[in-house]
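A.B. asks: First the structure, which I've put down as structure tokens, then a few questions once you've had a look.
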Amino acid sequence: MISIEEAQQILKENQPAPRITDVCLAEAHACCLADDISAPEPSPRYTNSAMDGYAVRWSDVQAAAEKESVSLQVIGESMAGVPFEEEVGFGETVQISTGAMMPQGADTVVRVEDTDGSDQTVRINAVRKQGQDVRFAGEEFQAGSRLLKKGTVIKSRELALLAAVGFDTVPVFNPPKVALLITGTELTGLHDKDIKPHQIRDSNSIMLASAIKEVGGVISETVTIQDNLKSTIQAITRSLNNKADIILCSGGVSVGRHDHVKNAAEAAGFKQLFWRIRQKPGKPLFASLKNGTLLFGLPGNPVSAYMCFSYYVKPILATFQGFPTCKNCLTAVVEQEIANHGKRTNFIRVIISKIPDEIPSIKKTATQGSHMLSSIVQADGYIILQPGEVLAGGSLVKVFPF
Ligand code: AMP
Ligand code: MG
């Protein structure tokens, strides 16, 4: 058996290579940028007005700055989307709206509120300085400036910026394609109403499929397999041929006579990376590799499967997409002593209490059994305790929120 640190190191060394493609902006939402993005053009692209008012020549209205109103002839209008095409000359002005292009000759905007006027003439009552209320081309950024860094998660604000400067596609890390293979002759589907006394409802399929989606992965297929070597080999081979980045098997990785995932993976040409980790829950976790496709054999116990998914599979799926791996890890105060008297590293499920402006605190969930799904439902996350480790009440611990 290896340690959890060794297992993570082995996985890190065998992380599937990311795939990068250009996608349209709508599809890029929530994806991670695969390259730095530079501005193809300046912003603003053209000099325009920041206010509804009048575009004027400073030299004409300077007197109004010294409290003497000035009268100008209105020769037209520059609307947002319909610019004024001529030049503003001596003693002239044009009406201008917010965002409209500044006409030639004008260098300053006077707000409507500081004027009295008609369509023919306008009286400028007050003005502060030359260039007031003008948004100058390139004042936000110049063409060529870096707008977004590789690794940025593209959300609504980033999409707006990309759209504003004319991008219709951007390079992103692709979501990983995950094939979900659920083993167990005892399993029944969700819609199976007459469950027999010796059967188990398959809760891992929906749990793992949703957990994969929660971290941005795409399920390429979900297959349920009887505990049978031949069908397991066939299912693994098919997922490999369908170019899954990751094959996630549930159940069948222990030492039972009917646990076939390990042998099936080897028969399908996968090379074992590890099998069995000194940890609780999740000891039988199996990992193997073929042609860059990573196959995980998760233990069937739902809590074990979820914990192995959280600690080992989730970071692989995150890294594949360029996401940080422990972005919401936190430090918390231990409310009451928590100890690991066993010989294996423990993933202890905890409830996190958050009080504004205070360090969060944690306590262990009442049940920790690996067959007790309610324990992960009550929990908000987990902590890791090495064999023999005792956390006294009041001490600090790193928490991995689900
Ligand atoms: P296994 O790892 O295949 O030996 O399964 C360990 C335990 O987990 C057994 O009690 C199984 O019935 C249960 N189990 C296996 N697969 C699932 C599943 N998909 N949903 C719920 N329980 C399961
Ligand atoms: Mg089984």
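The values are calculated or read from the model by the stated rules, or taken from the named source; none is laboratory data. What you see is a predicted model, and the numbers here were worked out from it, not measured in a lab. With ideal geometry, Cβ positions are generated from the backbone for all residues, glycine too; neighbour counts draw on all protein chains shown. Please note that ligands, DNA and RNA were not included when accessible areas were found on the heavy atoms of the full protein model with its side chains. Shrake-Rupley method; radii C 1.70, N 1.55, O 1.52, S 1.80 Å.
A.B. asks: Test of understanding: in a Gaussian network model of the chain with alpha carbons linked when under 10 Å, which of Asp107, Asp227, Asp192 would top the mean-square fluctuation ranking?
C.D. replies: Residue with maximal mean-square fluctuation among Asp107, Asp227, Asp192: Asp192.
A.B. asks: How big is the charge dipole of the range 344-400 about its Cα centre, in debye rounded to the nearest 20, if each Lys and Arg gets +1 on its Cβ and each Asp and Glu gets -1 on its Cβ? Don't skip to the answer; put the middle values down first.
C.D. replies: Details: 6 positive and 4 negative charges, 40 e Å.
Here the size comes out at about 180 debye.
A.B. asks: If the elastic network links every pair of Cα atoms under 10 Å, which of Ala379, Ala235, Ala143 fluctuates the most in the Gaussian network model of the chain?
C.D. replies: Judging by the Gaussian network model, the answer is Ala143.
A.B. asks: Considering only protein heavy atoms, what per residue accessible area in square angstrom results for the chain with a 1.4 angstrom probe?
C.D. replies: 50
A.B. asks: Pull up all non-local amide H partners of Ala106: gap of 5 or more, or a different chain, and H-to-H distance under 5 Å with H placed in the peptide plane.
C.D. replies: Result for Ala106 returns Val88.
A.B. asks: Shifting gears a bit: Pop out the ³J(HN,Hα) list for the range 336-352 in order, Karplus 6.51 cos²θ - 1.76 cosθ + 1.60 with θ = phi - 60°, rounded to Hz; leave Gly and Pro as x.
C.D. replies: 9, 3, 10, 10, 10, 8, x, 9, 10, 4, 9, 9, 9, 6, 10, 9, 9
A.B. asks: Follow-up question, since we're still on this one. Could you list, in their original order, any pairs among Lys177/Lys283; Lys155/Lys327; Lys283/Lys343; Lys193/Lys280; Lys230/Lys283 whose Cα atoms are separated by more than 23 Å?
C.D. replies: Lys177/Lys283; Lys193/Lys280; Lys230/Lys283
A.B. asks: Same structure, new question: What shape does the range 256-351 take by its C-alpha gyration tensor, where a ≥ b ≥ c are the square roots of the eigenvalues and a/c under 1.5 counts as rounded, a/b above b/c as prolate, and the rest as oblate?
C.D. replies: Note, shape of the range 256-351 comes out oblate.
A.B. asks: Rounded, prolate or oblate: which one fits the range 330-401, using the alpha carbon gyration tensor with axes a ≥ b ≥ c (rounded when a/c is under 1.5, else prolate when a/b beats b/c, else oblate)?
C.D. replies: Because a/c hits 1.5 or more and a/b fails to exceed b/c, the range 330-401 counts as oblate.
A.B. asks: Gap in Å between the Cα centre of the range 357-382 and the Cα centre of the range 118-167?
C.D. replies: Between the Cα centre of the range 118-167 and that of the range 357-382, the gap is 49 Å.
A.B. asks: Here's a follow-up. Can you say what percent of the DSSP beta bridges in the range 330-401, counting only those with both residues inside, are antiparallel? Round to 5. Before the final figure, lay out each step's value.
C.D. replies: On the way: 17 of 19 bridges.
Around 90 percent antiparallel, to the nearest 5.
A.B. asks: Hey, rough spin-label estimate for Val377 and Asp36, points 7 angstrom out along Cα→Cβ, what's it come to in nanometres?
C.D. replies: Each label point is offset 7 Å from its Cα along the Cβ direction, giving 5.0 nm.
A.B. asks: For the range 293-303, what does the Karplus curve 6.51 cos²θ - 1.76 cosθ + 1.60, with θ = phi - 60°, yield as ³J(HN,Hα) per residue in whole Hz, taken in order and with x for Gly and Pro?
C.D. replies: 8, 9, 10, 10, x, 7, x, x, 3, x, 5
A.B. asks: Report the equivalent ellipsoid semi-axes for the chain in whole Å, largest first, defined as the square roots of five times the eigenvalues of the gyration tensor built from alpha carbon atoms.
C.D. replies: For the chain, the ellipsoid semi-axes come out as 64, 26, 18 Å.
A.B. asks: Can you list the aspartates and glutamates whose alpha carbon is less than 20 Å from that of Lys129, not counting same-chain residues fewer than 8 positions off?
C.D. replies: Excluding near neighbours in sequence, the set is Asp52, Asp60, Glu66, Glu68, Glu92, Asp107, Glu113, Asp114, Asp116, Glu139.
A.B. asks: Sticking with this structure for a sec: Loop only by DSSP, 16 or fewer other Cβ within 10 Å of the Cβ. Give me the GluC sites (Glu not before Pro) in the range 1-85 that pass, ordered by residue number.
C.D. replies: On the way: sites: Glu5, Glu6, Glu13, Glu27, Glu66, Glu68, Glu77, Glu85; in loops: Glu66, Glu68, Glu85.
Answer by residue number: Glu66, Glu68, Glu85.
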